[in-house]
Amino acid sequence: MNFPLNPSVLLVMAIPLLGIIYLFANRLKSGTIDPMEKWHDLDILQGILTHSLPANIGEIMEKVNIEQNEQSIGGAATFIQTAEPPQDVKLTGKVVLLLHGAAFTSQTWVDEVPTIATLAALGNKVIAIDLPGFGKTKDEVEDKGSYLSEVIDVLTPNVRPVIVTPSLSGSFIIPLLEKSPEKISAWVPVAPINTEKGRDFFPQLDIPTLIIYGELDEDLGVRSRDDLLLIPTSTKPQVLPGAKHPAYLDQPDLWHQILYNFISALPDSEP
């Protein structure tokens, strides 16, 4: 049986539908739809990783050129290593800023675990620095949060970086997050120090946060994990099997794979 279509009825039905589409589009534009849906459930222990590293990642890494320079930032002559993706690699538009622990420098991400070359080969711009008082950055600074804020302003003014902060570098990122969390697009804390200083404001953060530590890091790894879980937008803790405090050294392939999955799932960075 055929019924005639009444234009008035169709119009009445269409108006609510158009309203829903409009609200959904504006929520996407404003960012009120949770952008963490793609990465929040990453879990290496359960095998919930979408991407494997490309089979030819080694060949691409050989094309990565790491440039070194020194620049005065926050009163410290800062040693910087930077890498752009090779010409034939699709750009992600993301910037990754690598800090380091007390026993390490930016060179750790070159010689001991090739994170600079790996992430650049995957399409990201990568910046690594020697923190004040370490490696080739001889000067020290008093206000570590302000220094890191200026590092971001100077080295990546147009793109909010994904920042990786192992161990000692927690003393730089925690004060920055307290005052200026909008400076970064995402955070990868690897058993950082000073997380107890963030307990009061961590619950208010809405930064995508990938918690990583080593299975054998039963001290700082566990203590920092408990604090970082106060962040509503954190992942489940990602425990690298058989890894000690600098977990990335013991599980470099797994470290790079989970970074790849996390960064790939993040929304596009904006200034």
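The values are calculated or read from the model by the stated rules, or taken from the named source; none is laboratory data. All figures in this text were calculated on a predicted structure; none of them were measured in a lab. Don't worry about glycine lacking a Cβ; one is built from the backbone with ideal geometry, like all the others, and counts go over all protein chains shown. For accessibility, only protein heavy atoms count, side chains too; no ligands or nucleic acids. Shrake-Rupley method; radii C 1.70, N 1.55, O 1.52, S 1.80 Å.
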Check: Which FRET efficiency value, to the nearest 0.05, is calculated for residue 179 and residue 222 with the Förster distance at 30 angstrom and r the Cβ-Cβ distance?
Finding: 0.65
Margin query: At 0.36 nm per residue, and after removing the present C-alpha to C-alpha distance, how many nm does the segment from residue 62 to residue 264 gain when stretched out fully?
Written below: 70.6 nm
Check: What is the calculated FRET efficiency for residue 55 to residue 215, with r their C-beta to C-beta distance and R₀ = 25 Å, to the nearest 0.05?
Finding: 0.35
Check: With all protein chains present, how much of the accessible area of region 119-202 (probe radius 1.4 Å) comes from carbon and sulfur, to the nearest whole percent?
Finding: 43
Check: residue 230 to residue 72: extension gain in nm, 0.36 nm per residue of separation minus the Cα-Cα distance?
Finding: 53.3 nm
Notebook entry, point to check: residue 156 accessible area, nearest 10 Å², 1.4 Å probe?
Noted result: 10
Checklist line | Selection of trypsin sites (Lys or Arg not before Pro), region 145-207, meeting DSSP coil and at most 13 other Cβ within 10 Å | finding: 199
Notebook entry, point to check: So, in Å, what gap is there between the alpha-carbon centers of region 90-114 and region 115-162?
Noted result: 9
Check: Once the Cβ-Cβ distance between residue 201 and residue 139 is put in as r, and R0 is 35 Å, what FRET efficiency do you end up with, to the nearest 0.05?
Finding: 0.75
Notebook entry, point to check: Near the amide H of residue 212, under 5 Å away, which other amide H atoms are found, from residues 5 or more places off or on another chain, if H is placed in the peptide plane?
Noted result: 191, 238
